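Note sheet for the following structure.
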Amino acid sequence: MSSSGDGDKPAQSGLVDMGDIGFYNSNNPDVLITFTIADLANYPGSFSEIVLNVTWAQLQSAADGPLETAFIDNAISAINAYNAANGTNVGIKLRVWGGYVAPDWAKNIDGPPITITGQHTVDQNFTPQTIGRFWTADYIAAWTSLQNQLAATYDNNPVIRGISQTAGASATDEPFIPLKGDALLAPPPSTATVNQVAELQAGGYNDAARLHDEPLSCAINRVSHLNEQLPTLARDRDDAAATRHTCRHFRRHSLPILRSIGAGVRRRRESAGAKPRRDRRRRAKSRPEAAR
């Protein structure tokens, strides 16, 4: 399963068919997602993996309940049949969606569901949607339990090549895509807007919760916020000044977050029994001067 010897699966390579994600903004936990291998047949030999989109509500209808995996198992069977018929080695990337399509019991963890109004992020739908408190410890524990059960069931299945990191997702399955501060309330020509972030904050969300739940997003966004400042810096001073400002900002704000993420990964690996990796910086410092 792994060529690295550290318990991980091989790194993803080649093109991946992302599948159909139009279901997400239905705000219907019972929505039926279709899995089709039509794209594989239309472009033979082009893809190394295909994304299997599935909702948390599909997999676990009851709190602490067993997983209902027929949808995943049927997809694995379809891919096995396709590979056997075509002499290919296509795998599955599993993408589990929470957010708006989490089960009702999860949306009610630590309080009633939060209603988000205004234009959806994935499509042009304007139907109000509900979401749970995905940043709380209880919600994260339920999500982690789901992931652990999926790992125990499919980690040794060679067709399942990996998963999408969808923890903390809200607007889409990608945690770093936030809700909008000025979402349209109705289709044009209406110009009325709603602050979806404020709706989330009214349910208890704040910056500290976001840092806890989406640390990588915070690190990236702190740098991306410089985009508005850099043109002015470059115009009023020069490109070198803009570069220095960017580097200082990264060291002060983003680098500590990224280091914290790395430390957390190391702790999880070691608690799982993986051997700690050597610190290359320390190894380099220990070399004799002549060897550098």
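The values are calculated or read from the model by the stated rules, or taken from the named source; none is laboratory data. A quick note: this is a predicted structure, and the numbers were derived from the prediction, not measured. All Cβ positions, glycine included, derive from the backbone under ideal geometry; neighbour counts span all protein chains shown.
Select from the range 18-50 the residues that are surrounded by 20 or more Cβ atoms within 10 Å (Cβ to Cβ) and modelled with pLDDT of 90 or more and write down the one among them that is farthest from PRO128 (Cα to Cα).
Restricting to residues being surrounded by 20 or more Cβ atoms within 10 Å (Cβ to Cβ) and modelled with pLDDT of 90 or more, the top hit is GLU49.
Please enumerate the residues belonging to the range 98-118 that are more than 20 Å from ALA198 (Cα to Cα) and small (Gly, Ala, Ser).
Across the range 98-118, the qualifying residues are GLY98, ALA102, ALA106.
Would you pick out the residues in the range 47-99 that are under 19 Å from THR153 (Cβ atoms), touching a residue at least 24 places away in the same chain (Cβ under 8 Å) and of a type in the set (Gly, Ala, Ser)?
ALA57, SER61, ALA62, ALA63, ALA75, ALA78, GLY91, GLY98
So is VAL159 more than 28 Å from ASN74 (Cβ to Cβ) and crowded, with 17+ Cβ neighbours inside 10 Å or not?
Answer is no for this residue.
Given the range 98-211, what strands (runs of 3 or more DSSP E) lie entirely inside it while holding 3 or more residues that are within 30 Å of PHE47 (Cα to Cα)?
Those strands (runs of 3 or more DSSP E) span 160-163.
Which of the numbered conditions does SER170 fail, given that it passes all the others? Conditions: (1) out of contact with any helix residue (DSSP H, G or I) (no Cβ under 7 Å at 6 or more places or on another chain); (2) at pLDDT 55 or above.
Of the numbered conditions (1) out of contact with any helix residue (DSSP H, G or I) (no Cβ under 7 Å at 6 or more places or on another chain); (2) at pLDDT 55 or above, the odd one out for SER170 is (1).
Conditions tested, residue by residue: (1) under 22 Å from the mean Cα position of the chain (by Cα); (2) over 21 Å from ILE163 (Cβ atoms); (3) hydroxyl-bearing (Ser, Thr, Tyr).
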{"site": "ASN53", "(1), (2), (3)": "yes, no, no"}
{"site": "TRP56", "(1), (2), (3)": "yes, no, no"}
{"site": "GLN60", "(1), (2), (3)": "yes, no, no"}
{"site": "LEU67", "(1), (2), (3)": "yes, no, no"}
{"site": "SER77", "(1), (2), (3)": "no, no, yes"}
{"site": "ASN80", "(1), (2), (3)": "no, no, no"}
{"site": "THR88", "(1), (2), (3)": "no, yes, yes"}
